[in-house]
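> One structure, pasted below without further comment.
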Amino acid sequence: MAASIREKQTVALKRMLNFNVPLVKSTAGEPVWKVLIYDRMGQDIISPLLSVKELRDMGVTLHLLLHSDRDAIPDVPAIYFVMPTEENVDRICQDLRTQLYESYYLNFISAISRSKLEDIASAALTANTVSHVSKVFDQYLNFITLEDDMFVLCNQNKELVSYRALNRPDITDTEMETIMDTIVDSLFCFFVTLGAVPIIRCPRGNAAEMVAVKLDKKLRENLRDARNSLFTGDNLGTGQFSFQRPLLVLVDRNIDLSTPLHHTWTYQALVHDVLDFHLNRVNLEEAPAVESSPSGARPKKKNMKSYDLTVADKFWQKHKGSPFPEVAESVQQELESYRNQEDEVKRLKTIMGLEGEDEGAISMLSDNTAKLTSAVSSLPELLEKKRLIDLHTNVATAVLEHIKVRKLDVYFEYEEKLMSKSTLDKSLLDIISDPDAGTPEDKMRLFLIYYITSAQPPSETDLDQYKKALEDAGCSLAPLNYIKQWKAFAKMAAAPTNYGIGATKSKGLLSRVMNTGSQFVMEGVKNFVLKQQNLPATRVLDSLMEMKSNPETDDYRYFDPKMLRGNDSSIPRNKNPFQEAIVFMVGGGNYIEYQNLVDYIKTKQGKHILYGCTELFNAAQFVKQLSQLGQK
């Protein structure tokens with residue numbers, strides 16, 4: 001995918017901020033000043049892609065939420081970027097009536113219905129502001145891009161499409177229809193932005209199949225309407241996609257409930273698991289200053305610090321998929337290399353006798369100071385480097401704190417052994433009963449993985465013993481109630497597939513760096529060498545993308561929206577392996593699965609994949625949903 005989905009969505013947003021006119025480099029004069037009005041969904045779509053500085057460069061002086069109290073700014077154009085919901089349309093009509101802005105550019109994240117458009121038109125007529133409504137656009141951007149190759153459907157109202165919503169026993173058909181329509185609408189927007197009509201594969205008899213049927217129908221209807229099809233002509237960035245169409249693999253979360261519960265060992269997944277991390281921003285409590293407060297004084301309020309982990313952050317891009325000890329080591333090395341460079345600048349300044357001089361004097365020195373000048377000109381770069389080192393030192397330290405306090409390395413290793421059916425060196429009861437190992441939630445996660453992956457469920461006597469130990473450790477048994485029903489329903493008596501990432505313990509302690517004068521004291525934390533093993537979603541993708549015969553996927557349905565007659569078959573017409581694929585997880589996804597797919601595709605030259613999911617949850621959020629499903 002020559003242009004990543006992140007680039008394509010960013011280009012679409014920039015075009016929208018430029019009044020829906022493509023940006024041309026040559027006309028880079030002063031931008032037109034404007035106000036951006038968005039709803040929560042619009043905010044979530046923009047925030048991972050455009051920084052405040054980039055918005056300002058595009059002429060956006062003010063960005064406000066649609067439903068906040070806004071003052072009139074009569075001589076400024078306003079660009080709206082909102083979902084076409086009832087309350088949003090009402091608020092836009094109200095803005096037109098109170099004549100808040102000079103002109104209105106209405107951009108709807110998803111296609112707006114005819115009736116709502118008429119509501120806006122009649123409000124503009126009664127307010128006599130028809131001439132002020134400059135443009136109305138359907139943007140088809142109803143999804144959130146987090147990485148070049150990863151997207152999620154929603155962040156604010158994720159309960160709507162959550163695992164719990166899809167698996168509630170008391171769900172009505174109309175509720176299910178609404179959920180499906182929401183998911184399909186977003187996926188349709190995704191393919192319009194990508195500029196490609198996929199070939200769809202999905203398993204039978206679950207939510208993924210319902211999504212496939214509806215998406216196939218929606219794509220087919222749009223292709224049939226030759227004049228208004230979104231997949232023809234200049235809507236597409238022609239030439240950005242190869243001639244071969246992408247494969248969309250729709251997978252249901254129920255094929256693999258262990259991975260979202262699994263304790264993890266790679267940087268990005270750990271940050272998501274143990275810290276407050278969403279939409280590429282991590283919020284950390286700052287460590288309080290050591291100075292002692294006078295006795296009886298109120299304890300100081302903890303400061304929250306936010307860090308953006310973005311594509312511009314080279315360290316993050318390089319290490320987000322690395323095992324945590326490697327990350328800690330790399331932060332340490334970066335810190336040392338920075339210190340050397342910093343000393344170099346100081347040394348040069350000393351040689352020139354410029355310790356006390358201001359920076360301005362330095363640049364005025366003659367040619368023989370070229371070396372010094374270059375050192376000074378690299379200062380901004382050095383300062384940026386320092387900012388990133390500080391950021392990752394803080395984030396990695398916070399993660400390490402969790403690993404040590406909760407013994408997450410022990411959990412990770414034990415779960416790996418359970419999932420890959422290796423021999424266990426310690427009994428499960430010992431870990432659950434150990435008051436120093438992990439939180440009640442950690443223990444519950446471990447036990448659920450044991451229960452899901454065991455070929456034979458434990459006997460009633462054993463189960464009672466486990467339940468007692470879990471309750472003594474402070475766990476609620478609600479998630480287990482749900483998993484028991486789920487397992488009985490899925491008739492998973494046959495041994496489930498092997499899906500460990502396969503960690504093998506490395507010899508000796510962590511590398512020398514970790515123990516000598518390092519920021520990160522990693523003593524007692526195990527180091528693992530990770531062996532690449534494919535998780536269920538990756539295995540499904542491998543079979544379908546490479547056209548391999550596999551009992552897991554041989555029965556998957558096949559849809560081609562470009563075929564005139566939708567024929568229901570599981571026999572693919574396309575016999576060639578695919579070069580590009582999108583794996584979409586219905587019911588929620590996570591960074592472990594994403595990273596596993598990224599690692600898999602690295603071994604396939606010239607192939608590309610994207611990972612998408614209805615919502616991105618960490619284990620705590622998933623356990624909570626299982627609890628709600630399992631409450632009696």
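> Tally Lys/Arg at +1 and Asp/Glu at -1 over every other residue whose Cβ is under 15 Å from the Cβ of ILE73; what's the total?
Once all neighbours under 15 Å are counted, the net charge is -3.
> Something else: As an exercise, use a Förster radius of 51 Å and the Cβ-Cβ distance of ASP436 and SER549 to find the FRET efficiency, rounded to the nearest 0.05.
0.55
> In a shell of Cβ-Cβ distance under 11 Å around MET58, excluding MET58 itself, what net charge do Lys and Arg (+1) and Asp and Glu (-1) give?
+3
> Sort 69-78, 311-320 for me by packing, meaning the mean count of neighbouring Cβ atoms within 10 Å per residue, highest on top.
Listed from highest to lowest mean packing, they are 311-320, 69-78.
> Considering only protein heavy atoms and a probe of 1.4 Å, how much of the accessible area of segment 1-103 is carbon and sulfur, as a whole percent?
Ligands and nucleic acids excluded, carbon and sulfur reach 54 percent.
> Also, I was wondering about something else. In whole percent, what relative contact order does segment 173-282 give with Cα contacts below 8 Å and a gap of six or more residues?
Here the relative contact order equals 29 percent.
> Sticking with this structure for a sec: Using 7 Å Cα-to-Cβ label points, what is the GLU336/ASP308 separation (nm, one decimal)?
For GLU336 paired with ASP308, the spin-label model returns 3.2 nm.
> While we're looking at this one, here's another question. Please compute the modelled spin-label separation between GLU175 and ALA111, points set 7 Å along Cα→Cβ, answer in nm with one decimal.
Placing both labels 7 Å along Cα→Cβ, they lie 2.8 nm apart.
> Below 15 angstrom from the Cβ of SER549, what's the summed charge of the other residues (Lys, Arg +1; Asp, Glu -1)?
For residues surrounding SER549, the net value is -1.
> Rounded to the nearest 5, what % of DSSP beta bridges with both residues in segment 104-182 are antiparallel?
The antiparallel proportion sits near 40 percent.
> Mind ordering 60-66, 323-329, 180-186 by average Cβ neighbours within 10 Å, highest first?
323-329, 180-186, 60-66
> Can I ask one more? Determine the percent antiparallel among the DSSP beta bridges restricted to segment 40-170, to the nearest 5.
Looking only at bridges with both residues in segment 40-170, the antiparallel portion is about 20 percent.
> Work out, in µm²/s and without decimals, the Stokes-Einstein translational diffusion coefficient of segment 109-245 at 20 °C, 1.002 mPa s, Rh from Kirkwood over C-alpha pairs.
Diffusion coefficient, whole number: 123 µm²/s.
> Hey, with R₀ at 51 Å, roughly what FRET efficiency would ASP464 and LYS602 work out to, going by the Cβ-Cβ distance, to 0.05?
0.65
> Simple spin-label model, 7 Å along Cα-to-Cβ: ALA3 to ILE73 in nm?
Taking the simple label geometry, ALA3 and ILE73 are separated by 2.8 nm.
> To continue, here is another question. Could you calculate the FRET efficiency of THR85 with GLN244 from 1/(1 + (r/R0)^6), where r is the beta carbon distance between them and R0 is 41 Å, rounded to 0.05?
Once the sixth-power term is evaluated, E becomes 0.65.
> Next question, about the same structure. Quick check for you: with a 1.4 Å probe and neighbouring chains kept, what is the accessible area per residue of segment 134-274, in Å²?
Accessible area per residue, segment 134-274: 37 Å².
> I need to check one value: relative contact order of segment 432-496, counting alpha carbon pairs closer than 8 Å and at least 6 residues apart, in percent.
This gives 48 percent for segment 432-496.
> Can you give me the pair-distance distribution of segment 1-85, C-alpha pairs, 10 Å bins, whole percents?
16, 50, 29, 5, 0
The values are calculated or read from the model by the stated rules, or taken from the named source; none is laboratory data. Note that the structure is predicted; figures quoted are calculated from it, not measured. Note: ideal-geometry Cβ built from the backbone for every residue, glycine included; neighbour counts use all protein chains shown. We work out accessible area using only protein heavy atoms, side chains counted, and drop any ligands, DNA or RNA first. Shrake-Rupley method; radii C 1.70, N 1.55, O 1.52, S 1.80 Å.
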